[in-house]
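Worksheet: one structure, shown below.
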Amino acid sequence: MTDFQQHIQLIREEVNRELANLPIPENPKYLYDPVRYSLQGVGKRFRPILVHLTGRALDANSDGLANLALAVELLHTFTLIHDDIMDNDDTRHGLPTLHKKWDESTAVLAGDAIFVLAQLKVTLIETHATEIMNYFNKITLEICEGQAWDKEFENDLTISEESYLKMIDCKTGALLGSCAALPAIMEGLNDTTVQSLDQFGRQLGRGFQLQDDLLELISSPEEMGKSLGSDLAEGKQTYPVILARTQFEKEWNELTSHFQSNLNGESLEAVKIFLNDSGIAQQTINKYESYFNEAQNALHIIPTEKRHDLESLINLIQKRTY
């Protein structure tokens, strides 16, 4: 493990401790048992890590960073709970999803409570509080818009690459953009710096999502810690799916028709082979690598000697396999 990996592991462990120590009541158990269950996961914590790394590059207040980091992770958890319901996913971080362990009604309520916990963390930040709260809520609404586009796009074979990229900018890019921008807002930095950091996070988010789209089809459930192929089963128009559908329409339609009628490892393996042999996997890789390069370029706003950790994070995400 490199020094940088040890560094972010320490941040991850601290975030996990702070999540575990949140003052969550015991009763009513119908609400708070699922909340605790959702927060015990072993997620990658990329978002709070990004908050801390950006904040440290800006010499931001450490207490404020801790609250921002927890707020964005709680917001992310809230979105995942609702996303899992809407996508009918069975596992998350290697555990049954909340709506599978309990039921959909319980999961919706727990997700709502976690969003409130995120808001409460934001209210603890004392500097530029109004600007931070406005930005946080604006981003939350943008994420909801992205999820709405995602649902509208299901089974719509007219969705273009451009439309899809706009959707993921809302659904994924917006939150990662906020992780980089919020520390700058908290420190009262100028709009140019805030916007540059927002773009850094958004480019990172675009790359991350396209990478995730591909891994969801060619990785393994053990590596990813969640069920694979659910996006394809639900008819979601992810980036590699759009490329395959537009470039190899006949072959792709036959393949997905077989997959949706035979949801098993063998049919998913056939999809994986097709994506690799057709070059679709490599095209997706080329696209998400271009976004990681754009994220790198957006860091020019930070002095060279202070951006090393953020550059290392880009590199770490770029090389991930889960």
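The values are calculated or read from the model by the stated rules, or taken from the named source; none is laboratory data. Just so we're clear, the structure is a prediction, and the values are computed from it rather than from any experiment. Using ideal geometry, Cβ is built from the backbone for each residue, glycine included, and neighbour counts are taken over all protein chains shown.
Listed here are the residues, each with its yes/no results for (1) at pLDDT 80 or above; (2) surrounded by fewer than 17 Cβ atoms within 10 Å (Cβ to Cβ); (3) acidic (Asp, Glu); (4) in contact with a helix residue (DSSP H, G or I) (Cβ under 6 Å, 6 or more places away or on another chain).
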position: ARG202; (1), (2), (3), (4): yes, no, no, yes
position: GLN209; (1), (2), (3), (4): yes, no, no, yes
position: LEU214; (1), (2), (3), (4): yes, no, no, yes
position: GLY235; (1), (2), (3), (4): no, yes, no, no
position: THR238; (1), (2), (3), (4): yes, no, no, yes
position: VAL241; (1), (2), (3), (4): yes, no, no, no
position: GLU249; (1), (2), (3), (4): yes, yes, yes, no
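With the requirement that a residue be without any contact (Cβ under 8 Å) to a residue 24 or more places away in the chain, under 25 Å from HIS300 (Cβ atoms) and not in a helix (DSSP H, G or I), what does region 149-200 give you? Passing the criteria: only ASN190.
Restricting to region 93-133, and then to whatever is surrounded by fewer than 14 Cβ atoms within 10 Å (Cβ to Cβ) and touching a residue at least 60 places away in the same chain (Cβ under 8 Å), can you tell me which residue is nearest to the chain's Cα centre (by Cα)? It comes out as GLY94. When each of HIS52, HIS7 is tested for being surrounded by 15 or more Cβ atoms within 10 Å (Cβ to Cβ), of a type outside the set (S, T, N, Q), over 26 Å from GLN147 (Cα atoms) and modelled with pLDDT under 95, the lone residue that passes is HIS7.
Each row is one residue, and each column tells you yes or no for (1) surrounded by fewer than 14 Cβ atoms within 10 Å (Cβ to Cβ); (2) within 22 Å of the chain's Cα centre (by Cα); (3) closer than 23 Å to LEU232 by Cβ; (4) at pLDDT 95 or above.
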position	(1), (2), (3), (4)
THR256	no, no, yes, no
ASN262	yes, no, yes, no
GLY265	yes, no, yes, no
ILE273	yes, no, yes, no
PHE292	no, yes, no, yes
LEU310	no, yes, no, yes
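For region 158-171: of the residues being in contact with a Ser or Thr (Cβ under 9 Å, 6 or more places away or on another chain) and surrounded by fewer than 17 Cβ atoms within 10 Å (Cβ to Cβ), which is nearest to HIS76 (Cα to Cα)? Applying the filter and picking the extreme gives GLU161. Picking from residues in region 12-49 that are among the β-branched types (Val, Ile, Thr) and farther than 22 Å from GLN209 by Cβ, the one that is surrounded by the fewest Cβ atoms within 10 Å (Cβ to Cβ) is ILE24.
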